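Asks: One structure, as structure tokens, below. Some questions next.
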Amino acid sequence: MSFENISTQLILFLILYGITAAVSFMAAVYLLLRRGNAIAPGVRPPVRLRYWTASFFAVASLAHVWWLLFYSYSGDLNSVAYQVIVMFDCTLLFTSFAGMLLAMLQDRRRPVWPALLAMIPFLLLMVTHIIYPSQLLELMIAGYLLLLGLLFTGYMVVAVRQYGRWLNDNYADLENKKVWLCQTVSLVCMLLFVLYVLAIDMVLIWLIHIIELILVGLLLWRVETLPRLQTLPHPLPIMEGSGQTQGNGPFTSLNSCHAQTVVPVNIDLAEIEQMLVEHCANTQLYLKHDLNLAQLAQAVGTNRYYLSQYFSRKGITYNIYINNQRINHFISRYNELTAAGQPIVAQQLAIESGYHSYSTFSLAFKQRTGQSVTAWMRESDE
């Protein structure tokens with residue numbers, strides 16, 4: 001094909017195509033080779049997430065290369081080469097995509113092998129279609145891809161909800177720890193890709209590549225700003241019986257040379273509440289940034305099981321407890337400064353009350369009081 005026959009629309013598309021390939025490649029190289037964090041220098045992201053995202057970016061970049069080569073030298077959609085590229089494209093993209101999204105959820109290590117296993121029927125259908133071409137097989141392949149996308153989306157919705165509950169049960173500072181927005185955008189992009197594979201349309205192709213640029217930026221930001229969280233497995237209660245009492249907590253432990261067996265004992269809610277008053281409320285431990293449930297349990301002198309059971313029986317989460325303490329601190333300090341006639345800057349006072357950002361404080365304050373900070377301050381001054 002001579003350059004005179006290339007339309008302006010095709011030239012613009014090839015420019016966009018090249019940009020998306022280059023951006024994906026540079027993002028993959030950055031995540032694999034750079035040890036530091038350029039976007040959020042103070043954050044240490046999960047290594048597993050960094051590598052899976054880099055693999056997704058690398059596969060996306062390579063996909064641009066092999067599709068460009070295919071359409072430059074052949075372009076025959078009925079050829080074996082086309083079928084083979086579709087097989088590799090879908091398998092590698094889906095597996096790396098699944099690994100990346102699963103790695104964002106740090107409540108537990110979710111394996112990626114089921115995603116690869118789920119691609120086996122697709123591969124078998126594709127091989128069968130290559131040997132015995134059939135319109136029925138094409139419909140079966142399309143239907144399976146769509147079903148797989150919907151099932152994975154459903155699984156991720158449940159997994160993200162579990163991760164959110166885990167965060168509320170174990171962490172007070174949730175800023176940049178939630179992943180639902182990034183997961184939602186990514187899953188929408190995955191479904192668009194499925195539609196792109198099933199029904200090639202030029203408008204959809206343009207849209208996919210524009211969204212790909214946005215997705216690369218969003219994922220890169222998410223990887224670099226998501227802190228590596230301490231994995232806190234489901235706590236087991238300590239064994240009742242002879243042993244050594246730990247701290248002031250209402251439990252005892254029995255150790256053996258091989259392992260520690262654990263069974264539940266009765267939980268004294270009043271004792272734990274008193275311990276929280278003495279070691280958290282009175283010492284203002286709640287003002288410490290990124291204080292998690294395990295750290296609070298250690299400071300109080302109990303274990304995670306009893307502390308989580310205490311919050312559960314009170315009908316609250318750890319996150320709600322810490323936020324209540326911080327908001328009470330804010331209200332107390334506000335009243336003190338008002339009585340002393342000193343100027344008050346709500347943003348500064350929120351940071352002094354243990355919050356990283358004013359927006360996080362505003363949301364927690366409204367959930368606790370039912371009023372915005374501004375409305376509450378106006379009402380308090382009347």
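Asks: Given Ser380, Ser359, which one is without any contact (Cβ under 8 Å) to a residue 60 or more places away in the chain and either surrounded by 14 or more Cβ atoms within 10 Å (Cβ to Cβ) or within 21 Å of Asp173 (Cα to Cα) (or both)? Break it down stepwise before answering.
Replies: Details: Ser380 fails: either surrounded by 14 or more Cβ atoms within 10 Å (Cβ to Cβ) or within 21 Å of Asp173 (Cα to Cα) (or both).
Matching residue, one of Ser380, Ser359: Ser359.
Asks: Residue pairs, Cβ under 6 Å, 6 or more apart or interchain, first in region 35-50 and in contact (Cβ under 8 Å) with a residue 12 or more places away in the chain, second assigned to a loop (DSSP other than H, G, I, E, B) and surrounded by 15 or more Cβ atoms within 10 Å (Cβ to Cβ). List them.
Replies: Correct list of pairs: Val43/Asn37; Val43/Pro227; Pro45/Leu226.
Asks: Right, something else. Would you check if Glu352 is more than 19 Å from Tyr286 (Cα to Cα) and either modelled with pLDDT of 90 or more or surrounded by fewer than 14 Cβ atoms within 10 Å (Cβ to Cβ) (or both)? Break it down into steps so the answer makes sense when it comes.
Replies: On the way: more than 19 Å from Tyr286 (Cα to Cα): no; either modelled with pLDDT of 90 or more or surrounded by fewer than 14 Cβ atoms within 10 Å (Cβ to Cβ) (or both): yes.
So Glu352 fails the test.
Asks: For region 20-56, what are the residues that are within 19 Å of Ser72 (Cβ to Cβ) and either open to solvent by less than 80 Å² (accessible area, probe 1.4 Å) or part of a loop (DSSP other than H, G, I, E, B) (or both)? So that I can check it myself, show each step before the final result.
Replies: First, the residues of region 20-56 that are within 19 Å of Ser72 (Cβ to Cβ): 20-22, 25.
Passing the criteria: Thr20, Ala21, Ala22.
Asks: Looking at Leu232, Leu167, Leu204, which one is within 18 Å of the chain's Cα centre (by Cα), open to solvent by less than 70 Å² (accessible area, probe 1.4 Å) and modelled with pLDDT under 80?
Replies: Checking each option against the conditions leaves just Leu232.
Asks: What are the residue pairs meeting all of these: first residue in region 106-121, first residue within 17 Å of Leu93 (Cβ to Cβ), second residue open to solvent by less than 50 Å² (accessible area, probe 1.4 Å) and β-branched (Val, Ile, Thr), Cβ atoms under 7 Å, and 6 or more apart or on different chains?
Replies: Pairs that qualify, where the first residue is within 17 Å of Leu93 (Cβ to Cβ) and the partner is open to solvent by less than 50 Å² (accessible area, probe 1.4 Å) and β-branched (Val, Ile, Thr), are Val112/Thr95; Ala115/Thr95; Leu116/Thr95; Met119/Thr91; Met119/Thr95.
Asks: Residue check: is Tyr82 at pLDDT below 90, of a type in the set (Phe, Trp, Tyr), loosely packed, with under 12 Cβ neighbours inside 10 Å and more than 23 Å from Gly99 (Cβ to Cβ)?
Replies: Numbers: at pLDDT below 90: yes; of a type in the set (Phe, Trp, Tyr): yes; loosely packed, with under 12 Cβ neighbours inside 10 Å: no; more than 23 Å from Gly99 (Cβ to Cβ): yes.
Here the answer is no, as Tyr82 does not meet what is asked.
Asks: Sticking with this structure for a sec: Return only the number of the condition from (1) among the aromatic types (Phe, Trp, Tyr); (2) over 30 Å from Ile120 (Cβ atoms); (3) at pLDDT below 90 that Tyr30 does not satisfy.
Replies: (3)
Asks: Has region 178-193 got any residue that is crowded, with 17+ Cβ neighbours inside 10 Å, modelled with pLDDT under 90 and in contact with a Ser or Thr (Cβ under 6 Å, 6 or more places away or on another chain)?
Replies: yes
Asks: Within region 297-337, count every residue that is under 16 Å from Gln367 (Cβ atoms), hydroxyl-bearing (Ser, Thr, Tyr) and in a helix (DSSP H, G or I).
Replies: Residues in region 297-337 being under 16 Å from Gln367 (Cβ atoms), hydroxyl-bearing (Ser, Thr, Tyr) and in a helix (DSSP H, G or I): 2 in total.
Asks: Which ones in region 280-296 are open to solvent by less than 20 Å² (accessible area, probe 1.4 Å) and either in a helix (DSSP H, G or I) or under 15 Å from Ser353 (Cβ atoms) (or both)? Write out each step before concluding.
Replies: Taking region 280-296 first, the residues open to solvent by less than 20 Å² (accessible area, probe 1.4 Å) are 280, 286, 291-293, 296.
Those that are open to solvent by less than 20 Å² (accessible area, probe 1.4 Å) and either in a helix (DSSP H, G or I) or under 15 Å from Ser353 (Cβ atoms) (or both): Cys280, Tyr286, Leu291, Leu293, Leu296.
The values are calculated or read from the model by the stated rules, or taken from the named source; none is laboratory data. The shown structure was predicted, so the numbers you read here are calculated from the model rather than taken from an experiment. Neighbour counts are summed over all protein chains in view; Cβ atoms, including those assigned to glycine, are modelled from backbone coordinates with ideal geometry. Protein only, heavy atoms only, side chains kept; ligands, DNA and RNA dropped before computing areas. Shrake-Rupley method; radii C 1.70, N 1.55, O 1.52, S 1.80 Å.
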